[in-house]
1. Could you tell me whether Ser268 is among the polar types (S, T, N, Q), touching a residue at least 60 places away in the same chain (Cβ under 8 Å) and surrounded by 13 or more Cβ atoms within 10 Å (Cβ to Cβ)?
2. Provide a single number: the residues in the range 126-148 that are more than 21 Å from Glu278 (Cβ to Cβ) and surrounded by 15 or more Cβ atoms within 10 Å (Cβ to Cβ).
3. Can you pull out the residues in the range 149-161 that are buried (at least 18 other Cβ atoms within 10 Å of the Cβ) and of a type in the set (Gly, Ala, Ser)?
4. Quick one: in the range 38-72, of everything that is of a type in the set (Asp, Glu) and at pLDDT 80 or above, which residue is surrounded by the fewest Cβ atoms within 10 Å (Cβ to Cβ)?
5. Looking only at the range 208-224, count every residue that is aliphatic (A, V, I, L, M) and part of a strand (DSSP E or B) and tell me the total.
6. So is Arg80 buried (at least 18 other Cβ atoms within 10 Å of the Cβ) and under 21 Å from Ala109 (Cα atoms) or not?
7. Suppose we filter the range 116-142 for residues that are modelled with pLDDT of 95 or more and under 16 Å from the mean Cα position of the chain (by Cα); how many remain?
Amino acid sequence: MRDGHRLNGQESSKILSFEKKGIPLVIIGLAQAGKTTFVKRLQTGEFKYTQATMGLQFETANVGDVRFDIFDLGGHITYRKTIWETYVKLAYGVVFVIDSAKPVLFDEAKKEFWKSINQKDPKDEFLILFLCNKADLEDSVGLESIIDKLELYRLAEKENVSYQFFKTSMKSGENVENALNWLTKQTNKLAIKRNVDPLLFLLADIEGFPILELDKLGLEEEPSLLAGFLSAVESFSQRLFGKRGMLQYISAGNYKYIIKTDDEYIYSMIISNKQCQEEARRQIDIISEYVKGMKEFGILEGIVTHSLGIDPSDYELRRGFK
């Protein structure tokens, strides 16, 4: 088991996105709901007293044959406003933990839950595990009442979401194993469906100058031609829609071209049309978080191959930087 890393703010977004290797899982909920205690249960199978998470805590855990990369996010309002959105968008699964013995906080929990879930792309398939924790306490509210109060039945309206609710106690272990069994079974299915084998990755500046290309297709064209084409497409899209980054992917023949732009760079990936563009987009988002503000590109190749999980010997490498 790997030791956790405690980081805050912008420092975390770059370092942690680079480290992700397993299935990304985000743990959210109001402060003192039992989020970190759930993580420790997941890792060790035992109840352990924990301190409140400041910022975020990154952990890994193996449950059966599934490895999770866990982003345990602080529940204080500061962290809800600053870091929740980034990690919710990148995660395969969201575990939302609520203190079932504090109904006075249900309205606030409802607001934060739906705000977070609605940040996911409607086309993006993902999981929600909702844990009504502290079932061992005398004041614990019943599961059906919590589902009704937080309007969790509305999840049935979301076509690409798999979800489940459990009344749990991290202290006694009530329903923890059942929750983990559901989580591992569903994430296994999703991970297989979301597997991506990049056929080409290209990073260029916003003007169309190629910086790095990894090619498995055996393209004979110069990278500058593809980079210039993408720059022209982005320029047209910006004029058409009035802002940058509106065009996200193109489907043509047997391939999908995933595109992301920011103020500095164009990121593009080609995958088979049978593969998951949401996962390709997630991988590009991870790379873009690390590249943002980069001045020297000496470690760029390593970042890209690591983030994509590829063997560079399978690709033709072309650099546009010295």
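The values are calculated or read from the model by the stated rules, or taken from the named source; none is laboratory data. What you see is a predicted model, and the numbers here were worked out from it, not measured in a lab. Positions of Cβ are backbone-derived with ideal geometry, glycine not excepted, and every protein chain shown enters the neighbour counts.
1. Working: among the polar types (S, T, N, Q): yes; touching a residue at least 60 places away in the same chain (Cβ under 8 Å): yes; surrounded by 13 or more Cβ atoms within 10 Å (Cβ to Cβ): yes.
Answer is yes for this residue.
2. First pass over the range 126-148, keeping only residues more than 21 Å from Glu278 (Cβ to Cβ): 130-148.
Imposing the further condition that a residue be surrounded by 15 or more Cβ atoms within 10 Å (Cβ to Cβ) reduces the set to 130-136, 140-141, 143, 146-147.
Adding up the residues that qualify gives 12.
3. Across the range 149-161, there are no qualifying residues.
4. The residue in question is Glu46.
5. We begin by selecting, within the range 208-224, every residue aliphatic (A, V, I, L, M); these are 211-212, 214, 217, 219.
Next, from what is left, pick out any that are part of a strand (DSSP E or B): 211-212, 214.
Qualifying residue count, the range 208-224: 3.
6. Values: buried (at least 18 other Cβ atoms within 10 Å of the Cβ): yes; under 21 Å from Ala109 (Cα atoms): yes.
Considered against the rule, which asks whether it is buried (at least 18 other Cβ atoms within 10 Å of the Cβ) and under 21 Å from Ala109 (Cα atoms), Arg80 comes out as yes.
7. Result for the range 116-142: 2.
Residues checked against (1) assigned by TED's automatic domain parsing to the domain that holds Asn175; (2) among the charged types (D, E, K, R); (3) under 20 Å from Leu155 (Cα atoms):
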residue: Gln51; (1), (2), (3): yes, no, no
residue: Leu56; (1), (2), (3): yes, no, no
residue: Lys81; (1), (2), (3): yes, yes, no
residue: Phe113; (1), (2), (3): yes, no, yes
residue: Asp124; (1), (2), (3): yes, yes, yes
